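So the structure is just underneath, and the comments pick up after that.
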Amino acid sequence: MKVAIIMGSDSDFPIVEKGYNILKDFGVEVDVRVISAHRTPDVALDFAKNAEEYGYEVIIGAAGKAAHLPGVLAGCTPLPVIGVPICSSELDGIDALLAIVQMPPGVPVATVAINGADNAALLAVQILSVKYEELRIKFKEYKNQMAEKVLEKDRKLNEKLNNF
């Protein structure tokens, strides 16, 4: 189980770190790289073309502004690519969202919310869980824990309201 998180800039890491930590918590091997589709296009192409050979099974591409990185990666690899639009401009990340989600036919990029690195990591876990049953079990436990937290908050709120 190996995922690559590729960022267009090191300034994206505070957003990407949430996803990195989730993948680590699930026991997924993860590498993080800074590769720019615009400033290091040859490196981006080389990485994408060889990602499968390097043992990666899913790629998460995070980029702001023009946000071509996830699409460039997806155009050069058969692996699933998940795009994370980063809010890094005066357009509040809408530019990055549109650049990532509007891919041409034949070059899909799964796209999560602006700054949604946590959901990108969880989607990567779900994709990998098709092959790795232990991840599917952990993901079910994760969902159960989320549900329990909501139920506990509901209980506490109703206790508080009933004490008025």
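Quick look at the numbers
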item: Positive-end extreme of charge dipole, the chain - chosen from VAL101, GLY64, SER11 (charges on Cβ); result: VAL101
item: Charge tally in the Cβ shell below 15 Å around THR111, where Lys, Arg are +1 and Asp, Glu are -1, THR111 excluded; result: -2
item: Cα-based helix-to-principal-axis angle, 133-162 vs the chain, degrees rounded to 10; result: 40 degrees
item: Sum of side-chain charges, ALA63 neighbourhood, beta-carbon under 13 Å (Lys, Arg +1; Asp, Glu -1); result: 0
item: Compactness of the chain - radius of gyration and Dmax, Cα, Å; result: 17.7, 65
item: Assigned charges on the beta-carbon of Lys, Arg, Asp, Glu; the chain dipole about Cα centre (debye); result: 440 debye
item: Protection-proxy order for peptides 53-61, 125-133, each taking the mean of Cβ atoms within 10 Å per residue, highest first; result: 53-61, 125-133
item: Restraint check, LYS65/LYS153; LYS131/LYS153; LYS24/LYS131; LYS2/LYS140, Cα-Cα greater than 29 Å; result: LYS65/LYS153; LYS131/LYS153
item: For the chain, with +1 on Lys and Arg beta carbons and -1 on Asp and Glu, the positive-most of ASN50, ASN163, GLY27 along the dipole; result: ASN163
item: Formal net charge of residues neighbouring ALA74 (Cβ-Cβ distance under 14 Å; K, R +1; D, E -1); result: 0
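Readers should treat all values here as calculations from the given coordinates under stated rules, not as data from a laboratory. Bear in mind the structure is a predicted one, so any value in this text is a computation, not a measurement. Because the Cβ atoms are built from the backbone with ideal geometry, glycine has one as well, and the counts that use them run over all protein chains shown.
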